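Heads up, the thing below is written out as structure tokens.
The values are calculated or read from the model by the stated rules, or taken from the named source; none is laboratory data. In this text the structure is predicted, and so the values were computed from the model without any measurement. Every residue, glycine among them, receives a Cβ derived from its backbone with ideal geometry; neighbour counts consider all protein chains shown. The accessibility values were calculated without ligands, DNA or RNA, using every heavy atom of the protein model including side chains. Shrake-Rupley method; radii C 1.70, N 1.55, O 1.52, S 1.80 Å.
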Amino acid sequence: MNFEFMIKKALLFSLFIISSFILGGCWDQQEVNDLAFVTAAGIDKSEDGKVELTVLIFIPKGKSSQQGMEGGGGGGAADTLFRSAEGKTIADAMSTLQEKLPRHIFWGHCKVFIFDDDLAKEGLSTHVDFILRHPQLRERSRLFVSEEKAKDILSLIPPLERDISEVLKELSSFRIGMDVTAKDYAQMLIGDSNASALPLIKILPSTPGQEKQTIAYVTGTAIFKNGKMIGDIDDSVTRGVLWLRNEIRLATISVKPNGKNDGFVSMNLLRAKSKIIPLIENGKWKIKLYAVGNSNIVQNTTDLDLSSPEIIKPVEKQLKFEIKKRVNIALWEVQERMNADIFGFAEAFHQKYPKIWAKQKKRWDEIFPSVEVSFDTNIKIQNQGMNSVLSNHPLKGVENK
Amino acid sequence: MIEQGKISSAQMAIMMNPSILATVILLVPAITAKNAGQDSWISPIWASVIGYLTVLLAYMLNKLYPNQTLIEYCDLILGKFLGKVVGALFLFYYLHVTGIIVLEYGEFVLGTFLTHTPMIIICGSMMIVCAFAVYGGLEVIGRCSEIIVPVLCLLYLVIFLLLIKDLRIQNMFPIMEKGLTPSLKGSIVPQSWFSEFIIVSFFFPYLADKDKGLKWGFISVFSVMFLMVITNITTILLFGKLTSELTYPVMVAARYISIADFLEHLESIVMAIWVAGTFVKITVFYYSLVLGTAQYFKLSDYRPMVLPIGFLLVLFGIWSAPNLQELSHFLGTSAAFYFLSFQVGIPIFLLCIALVRVKWLQKKGSMSG
């Protein structure tokens, strides 16, 4: 009895020990010091129809060496390494790349993908397919299109952040331009409108002598139609697009209040929400942009006394007009010039008028340019700032004018 | 009776929840979305009707034969020869279905995490754990699931809560764009999952509180339906049309969570839910199969059957489909009819004959009396 008990205990104990070997994951064991963490990847078109994959790999360093670097390099010294390889597909290039790296490439932390515009003009869907299919790649990684070669962007050494992927991630989280993840892009590709958009980035000119110490920043939006890039719009036009897509978060708007041509009132948008309401009337397709929000006055270069409600009213009116102007520019550029529905009009009509949509969806390319957009904006000025001394007590010269 | 243990009806309900849901959360949202589009969240509601029906069937059969399981009353209803044939069909069916579950488990672990580990190791190690539970008997399985399931459900709901900020309600519209047909069509595959509820007929004889069996059975169906609706709504609101293109939408949804840049990469939670849930599911099916086999051959104990059948299950799992595409295709097409005919068709047939028999016996009894 006692002996049997002992044997049972010994068996149980050995089971625990054996399971600790198995828990490591036997065939799939991956030690951290055998992995190369990719933080960003760039895909370029190379001359002979192949793709060139460039990856940015994080170099883990001990604390002592890092301090040494800081002393010598004045910050921003490379703690990343970048390598590139060519291949017929990204996956193909990846295996070539692995030949040049002593560590196993690990994609789990890759949060940024940059495509150069030559590749974007040929279409990105096949490359996005790789991002969605590979088990290690994340659907939340952000996509960008660059005017320069993605390779050049990845070789930059940002002075403030750890590496370029961090810079781009932070920049796009401000929502100044579009912020598109791989999932969003795939959704746009199979969406009703057949058009998609990605943020466009460019290298920021650097101070002379420190050519590599700069960043890439979002300058506008690349517009795709049928999966291929057909053009781009600049920063200010993108703002109008963001209003239509309900993606506006941060904005500073300066207006010239009625009749005063010598100064601006600048406002920071606190919160804004927009909505597009589709309407089909007598065969005419219309969209109403409905936007509400609050803003703060942050600067006043006019001599208006903004503390009085009578004066705030026309400023608010101007604010509405300014927003309308921004949206109209975006409509002109994207709707009339490119005929690419990146605003989500197609989805809106589909959702509200499923029956009409089913009949007319083949004609969407003809309908879209003629869709009329009207506005119903209601942006309030909530706060006139901490201090209003100067504009309440204008200088004598200004008063006499 | 071979099984001496007793479980409560609530334990049975808890046990059945992951027995249906565990495999649903993987492939089914995508398969449903393929047919139902943005209406895929309605499909589980239609499908749950089959769940209620199956529980009711099992309950009524149990009313007629209170101390027998499905395999045992096959004999009593259909007579010696036909009863044995149908019983054998059922045993082969459960062998196949449990094999498929083992394969689904293996494919998922293999496809997403342990890409280099041989299938036989992944499935085999799971079978060993399940074999221990089955060896322990019904009470052990019941208590195991009492510990595991509440944690699972909680974690599962947490995943969806963390996703709220990424959801877009517009993806749900237009509701019922093409009428009821797509959502009904989409419900066929979930129906085959709901029909798995017939397995409660193996547990009804061992309930300590038989009068509550039906009630808790229905609660269990409802809980499964509720979680399926939440799953489908979340995947549709998050991915829209893309849902049908993804292999494992719930997995991708969990990966998509990112709160304040540090609460992210939560796919291991899905993995934990999945492994624990499948453990319960395989154990329940494995147990029923082992018990049924022992009853079929009129053995005095089911324990000697545990290991050989476990071995067979691993083989059936590996044989049942060569790859994930075949498996997914099978589950999305012919499997529904296969599952439904075994899990709903034959029990209805059995019940009809049993009712006729009872009526006939009563008539005979009253005539002679």
Looking at region A:159-181, which of the residues that are in contact with a helix residue (DSSP H, G or I) (Cβ under 7 Å, 6 or more places away or on another chain) and within 15 Å of residue A:80 (Cβ to Cβ) is surrounded by the most Cβ atoms within 10 Å (Cβ to Cβ)? A:164
Counting only helices (runs of 4 or more DSSP H) entirely within region B:60-161, those with at least 2 residues that are within 14 Å of another protein chain (Cβ to nearest Cβ) are B:80-112, B:119-136
Filter result (more than 24 Å from residue B:9 (Cα to Cα) and open to solvent by 10 Å² or more (accessible area, probe 1.4 Å)) within region B:65-87: B:75, B:76, B:78, B:79, B:80, B:81, B:82, B:84, B:85, B:86
In region A:321-350, the residues that are surrounded by 17 or more Cβ atoms within 10 Å (Cβ to Cβ) and free of Cβ contacts under 8 Å to residues at least 60 places away in the same chain: A:324, A:335
Do we have any residue at all in region A:245-259 that's surrounded by fewer than 16 Cβ atoms within 10 Å (Cβ to Cβ), closer than 28 Å to residue A:372 by Cα, more than 27 Å from the chain's Cα centre (by Cα) and modelled with pLDDT of 80 or more? no
Assuming residue B:118 fulfils every condition listed in (1) over 30 Å from residue B:341 (Cβ atoms); (2) open to solvent by 60 Å² or more (accessible area, probe 1.4 Å) apart from one, which condition is it? (2)
If I filter region A:177-186 for residues that are within 14 Å of chain B (Cβ to nearest Cβ), part of a loop (DSSP other than H, G, I, E, B), of a type in the set (A, V, I, L, M) and touching a residue at least 12 places away in the same chain (Cβ under 8 Å), do I get at least one hit? yes
Going through region A:305-320 one residue at a time, which ones are free of Cβ contacts under 8 Å to residues at least 60 places away in the same chain and either of a type in the set (Lys, Arg) or open to solvent by less than 60 Å² (accessible area, probe 1.4 Å) (or both)? A:308, A:311, A:313, A:314, A:317, A:320
For region B:243-341, which fully contained helices (runs of 4 or more DSSP H) count at least 3 residues that are open to solvent by 10 Å² or more (accessible area, probe 1.4 Å) and among the aliphatic types (A, V, I, L, M)? B:267-296, B:306-320
Could you list, ordered by first residue, the pairs with Cβ atoms under 9 Å in which the first is in region A:209-231 and closer than 20 Å to residue A:182 by Cα and the second is among the aromatic types (Phe, Trp, Tyr) and modelled with pLDDT under 80, at least 6 apart or interchain? A:218/A:174
Let me confirm something: among A:352, A:325, A:359, which residue is away from chain B (no Cβ under 14 Å) and either out of contact with any Cys (no Cβ under 6 Å at 6 or more places or on another chain) or of a type in the set (A, V, I, L, M) (or both)? A:325
Can you find a residue in region B:207-218 that is away from chain A (no Cβ under 14 Å) and under 20 Å from residue B:43 (Cα atoms)? yes
Number of the exception - residue B:62 against (1) farther than 30 Å from residue B:303 by Cα; (2) open to solvent by 10 Å² or more (accessible area, probe 1.4 Å): (1)
Condition check: under 30 Å from the mean Cα position of the chain (by Cα) and open to solvent by 60 Å² or more (accessible area, probe 1.4 Å). Does residue A:276 satisfy that? no
Against the definition (closer than 18 Å to residue B:28 by Cα and either over 20 Å from the mean Cα position of the chain (by Cα) or more than 14 Å from chain A (Cβ to nearest Cβ) (or both)), how does residue B:201 come out, yes or no? no
Within region A:134-176, can you find the residues that are under 29 Å from residue B:241 (Cβ atoms) and either among the acidic types (Asp, Glu) or within 10 Å of chain B (Cβ to nearest Cβ) (or both)? A:135, A:136, A:137, A:138, A:139, A:140, A:169, A:173
Kindly indicate which of A:227, A:240, A:209 is under 25 Å from residue A:350 (Cα atoms) and surrounded by fewer than 21 Cβ atoms within 10 Å (Cβ to Cβ). A:227
Among the residues of region A:1-22, write down those that are open to solvent by less than 90 Å² (accessible area, probe 1.4 Å) and either of a type in the set (Asp, Glu) or away from chain B (no Cβ under 14 Å) (or both). A:7, A:10, A:14, A:17
Output the residues belonging to region A:187-211 that are among the small types (Gly, Ala, Ser), within 14 Å of chain B (Cβ to nearest Cβ) and either touching a Leu at 6+ places or on another chain (Cβ under 6 Å) or closer than 21 Å to residue A:141 by Cβ (or both). A:191, A:196
Among the residues of region A:38-58, which ones are hydroxyl-bearing (Ser, Thr, Tyr) and assigned to a loop (DSSP other than H, G, I, E, B)? A:46
Those residues that are of a type in the set (Val, Ile, Thr) and open to solvent by 70 Å² or more (accessible area, probe 1.4 Å), I need them from region B:136-154; list them, please. B:147, B:151
Test result for residue B:170, open to solvent by 30 Å² or more (accessible area, probe 1.4 Å) and within 14 Å of chain A (Cβ to nearest Cβ): yes
Taking the criterion of being of a type in the set (Lys, Arg) and more than 20 Å from residue B:187 (Cα to Cα), would at least one residue in region B:54-63 satisfy it? yes
